[in-house]
Structure formats: structure tokens, C-alpha cells
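Have a look at the structure below, then the notes.
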Amino acid sequence: MRGKDVTLERVSITYPNGFTAVQPTDLQIGAGEFFSILGPSGCGKTTILRAVSGFVSPSTGRILIGGEDQAGRAPNARPTALIFQNLALFPLMSVRDNVAFGLEARGMGKRERHGRAEELLALVALQDQADKTPPELSGGQRQRVAIARALAVEPAVLLLDEPLSALDLKLRSHMRAELRAIQKKTGVTFIYITHDQGEALTMSDRIAVMNAGRVEQVGTADEVYSTPATAFAASFVGESNILKGRIAQLQESEAQIQTALGTFRARNPQRLAEGAAAYLFVRPEAMRLGGPGNTISGQLVRRDLEGPFVNLFFAAAGHELVVHQTNTGPLPSQPGEAAVLGFAPADALILPEGPLAATGQELAAE
Ligand SMILES: Nc1ncnc2c1ncn2[C@@H]1O[C@H](COP(=O)(O)OP(=O)(O)OP(=O)(O)O)[C@@H](O)[C@H]1O
Ligand SMILES: [Mg+2]
């Protein structure tokens, strides 16, 4: 099997009722890449997959797979296969027959079909489950049958729409590693849709962060996590302490930002100008007890113990700040205990004011 590249050129998608679910979008997904589209419910992720697989047509722009324009091609004429959240396995058929199902339509003989099914079941480590039916399998095993079945028709591009969302937490994290391994082994291009940032960060070569029909950023997990491009991306991916403020002074690639809790130095990668309304983002793991760097005085409100880690919640001038740190050494434990919280300018990010994700907390007014 071999992956193909997928290109979206100014693709927008308006549904017949007039609602535009995807604004003009450019994306270049490499052959053999594990590419995730991450965003909240309703932002247009499934709509993009439908367009790539041929179930809806772009209203503007073009979709190319392996350099070939897919306009006018029916879903079964495209080199794609789709895995939905509900897997639609045939409950009365054996696992082997489920995997071989698509091959019969291609005129492959029974022996060859079964041989191919055995190969694919070995790929997803289910060779000893071939005679069972789907209801006799665990959720993760059923998921792997669905993957084997999708791969049976040798797609160049596998489209996965939140395929793990029905599984419990433990199985989900196990399946992340499995999916990644299967993708590496086959070299098939994966386009993986999720609203779970942990999934996107652990599995992907690159991630597109989407909000309200727009792609706000495309980058590696490290790029998206450490240098989000927008306030939305910064608040949707990972946790952050967020302070509202105004740029007070520029210093090369850094700036001073004035907030209700003081004036702090931070990275200013977009070179916002003096006086600009902005947000300051500091990850809880970048906050330290004590200095050096920027400092804020706070009082402990509560601590959440995670075992090896602890989250300490502080009040500072009426706002809540979170410090995430390893559970070692003497730490404040009594509510009301005073502490100095510090963060390095290199670990703090200034971004233009803009909509925040619903999960992001706005912690301090200007
Ligand atoms: N057939 C349709 N006609 C009109 N609007 C639609 C149609 N299908 C989806 N939409 C709307 O388009 C927007 C994007 O939907 P889409 O299914 O792509 O979201 P999503 O990002 O996959 O969300 P989720 O994470 O909930 O699956 C939503 O506002 C949805 O209500
Ligand atoms: Mg969806």
C-alpha cells in the first residue's frame, strides 16, 4: 500500500440550506502523513472529510489526490476509504468475512479474499480472532476490524472520523499507539478527525486547528502547543493561564504586556505594536514557585493531587492562576498560604486579542 498526497485549494463548502460550514481553505497533506484536523463540535471537520471522500462537493475550489482533481468523481471512484465513529460492522458475519467484504465486489475469488483478510488481520494483531463475530470482540478489537476492513480495498488515503470516541479512556490511549503503528507500517495517508487535543498531539505528524469553518493554524504538535497562532488555538490546545492586557513596550522579539496583575515580559512572535490589545498565555507547567523572571504574589486556594503531579490553584488580585508541578519537595498545602509565582519570558506568549475556546478561562480583566 502507498499513500497519496491530498491538496485542498481554496475549498469552501456551503450546504443546500445556505449555511457555509467551511470557509475558503487551503491544505497540503503529504503522501504517507498522519494528519489530524482538530477543533470543537460543529467547526466543519466532518464536512471536510465528506468533501475529500466525495459525499459532498466543494462549493468553490478544488480537491486533488495524488495530483488528480477529484471533481465529479463518485466516492467509490476515489482512492479513499472512510471509517466513521459508528463502525457499521456486520454483526452476524465472522471477523474474516467482515474484512473480506469489500473484496468480493472487486471480483476477487474466495480463497484470495480469505488470504488477504488473514494478512490484514495479522497487521492489526487479530489473526487469532478471525472466526469470531463482532459482538464477541472488545471495543478496541472491533475498531481494529474496521481498520482492517477499510484497508482491504487498498486506499491511498484513509479518512478517520473520530474513530475512538466510543471507546473508554484506557482503550482509547492504547488504540492511539496502535493506529500510529498501523499507519507507519502501511504508509497510507491518514486524515484523522478529532476534537480531543490529546489524541491529535500524540499521534499526528501535523495538526490543523479549526474553529468556526476556518483553519487557524497548521503545524507539528510541538509548534501548535508551544507557539499557537491565535488566541483560539492557544486556549483550545492544552491548559493556559490567560491574562488580558495591552502592549506597553517592545524589546526585539519580546514585549512588555501590562495586565491587572502587573507588567510582564513575554514572547511577541507576531510583533504586536505598542498599545495593541492582547492576551498573555502561560502554561500551568511553565509557572514556578518563586522566581526568577516575571513574578506574581498569590495565596493558595486549593491543590489537586494527581499522584506524581500536583495542580496548585492560587488567587491573585481576585483572579485564579494554576501551577502544575511535580509532587516533590515542600509545597504550599494550606489554603491562604502565600507564595510567589514566577514564569520565564521565554515560556510566556503574547497573542492578539481574539475569541477564546469555550474551555479556555479568561482569568483577568485588563
Ligand atoms: N447537511 C447539512 N446541512 C446544513 N448544515 C449542516 C449539514 N451538515 C452539517 N451542517 C452544519 O455544518 C457545521 C459543521 O458540521 P460538521 O459536521 O462538519 O462539524 P464537526 O466539526 O464534524 O462537528 P462534530 O465534532 O460535532 O462532529 C455545523 O454547524 C453543522 O450544523
Ligand atoms: Mg464531525
- Could you check Gly67 against (1) of a type outside the set (S, T, N, Q); (2) touching a Leu at 6+ places or on another chain (Cβ under 9 Å); (3) at pLDDT 95 or above; (4) away from ligand 2 (no atom under 16 Å from the Cβ) and say which number it fails? (2)
- Task: Among the residues of region 52-64, write down those that are in a loop (DSSP other than H, G, I, E, B), open to solvent by less than 50 Å² (accessible area, probe 1.4 Å) and away from ligand 2 (no atom under 16 Å from the Cβ).
- Result: Gly54, Pro58
- Give the residue, chosen from Glu223, Glu216, Glu239, that is charged (D, E, K, R), more than 16 Å from ligand 2 (Cβ to nearest atom) and assigned to a loop (DSSP other than H, G, I, E, B). Glu239
- Scan region 152-189 for residues that are among the small types (Gly, Ala, Ser), within 16 Å of ligand 1 (Cβ to nearest atom) and within 15 Å of the chain's Cα centre (by Cα) and jot them down. Ser165
- Scanning region 9-47 for residues that are more than 8 Å from ligand 1 (Cβ to nearest atom), within 16 Å of the chain's Cα centre (by Cα) and open to solvent by 10 Å² or more (accessible area, probe 1.4 Å) gives Glu33
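Condition check ((1) open to solvent by 10 Å² or more (accessible area, probe 1.4 Å); (2) more than 16 Å from ligand 2 (Cβ to nearest atom); (3) of a type outside the set (Val, Ile, Thr)) across all residues:
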position: Glu119; (1), (2), (3): yes, yes, yes
position: Gln129; (1), (2), (3): yes, yes, yes
position: Ile147; (1), (2), (3): no, yes, no
position: Tyr192; (1), (2), (3): no, no, yes
- Being touching a strand residue (DSSP E or B) at 6+ places or on another chain (Cβ under 7 Å), without any contact (Cβ under 8 Å) to a residue 60 or more places away in the chain and loosely packed, with under 15 Cβ neighbours inside 10 Å, is that true of even one residue in region 338-355? yes
- Item | Residues (outside any helix (DSSP H, G or I) and either among the hydroxyl-bearing types (Ser, Thr, Tyr) or touching a His at 6+ places or on another chain (Cβ under 9 Å) (or both)) located in region 15-46 | Tyr15, Thr20, Thr25, Ser36, Leu38, Gly39, Pro40, Ser41, Cys43
- Within the group Leu49, Leu103, Leu82, Leu92, which residue is away from ligand 2 (no atom under 16 Å from the Cβ) and outside any loop (DSSP other than H, G, I, E, B)? Leu103
- Restricting attention to region 166-177, does a residue exist that is in contact (Cβ under 8 Å) with a residue 60 or more places away in the chain, within 16 Å of ligand 2 (Cβ to nearest atom) and either in a helix (DSSP H, G or I) or over 15 Å from Phe34 (Cβ atoms) (or both)? yes
- Note on the structure: Here, strands (runs of 3 or more DSSP E) confined to region 250-291 with at least 1 residues that are among the β-branched types (Val, Ile, Thr) and either open to solvent by 20 Å² or more (accessible area, probe 1.4 Å) or touching a Leu at 6+ places or on another chain (Cβ under 7 Å) (or both) are 254-259, 262-267
- So, in region 304-322, of the ones that are more than 15 Å from Ala286 (Cβ to Cβ), hydrophobic (A, V, I, L, M, F, W, C) and in contact (Cβ under 8 Å) with a residue 40 or more places away in the chain, which residue ends up most open to solvent (accessible area, probe 1.4 Å)? Ala317
- Task: Can you run down the residue pairs with Cβ atoms below 7 Å, 6 or more apart or on separate chains, where the first is in region 323-334 and exposed (fewer than 10 other Cβ atoms within 10 Å of the Cβ) and the partner is not acidic (Asp, Glu)?
- Result: Gln334/Leu300
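The values are calculated or read from the model by the stated rules, or taken from the named source; none is laboratory data. The model shown is predicted, which means the values in this text are computed figures rather than measured ones. Here Cβ is always computed from backbone atoms with ideal geometry, including for glycine, and neighbour counts include all displayed protein chains. For the accessible areas, the whole protein counts, side chains as well, though only heavy atoms, and no ligand, DNA or RNA atoms are used. Shrake-Rupley method; radii C 1.70, N 1.55, O 1.52, S 1.80 Å.
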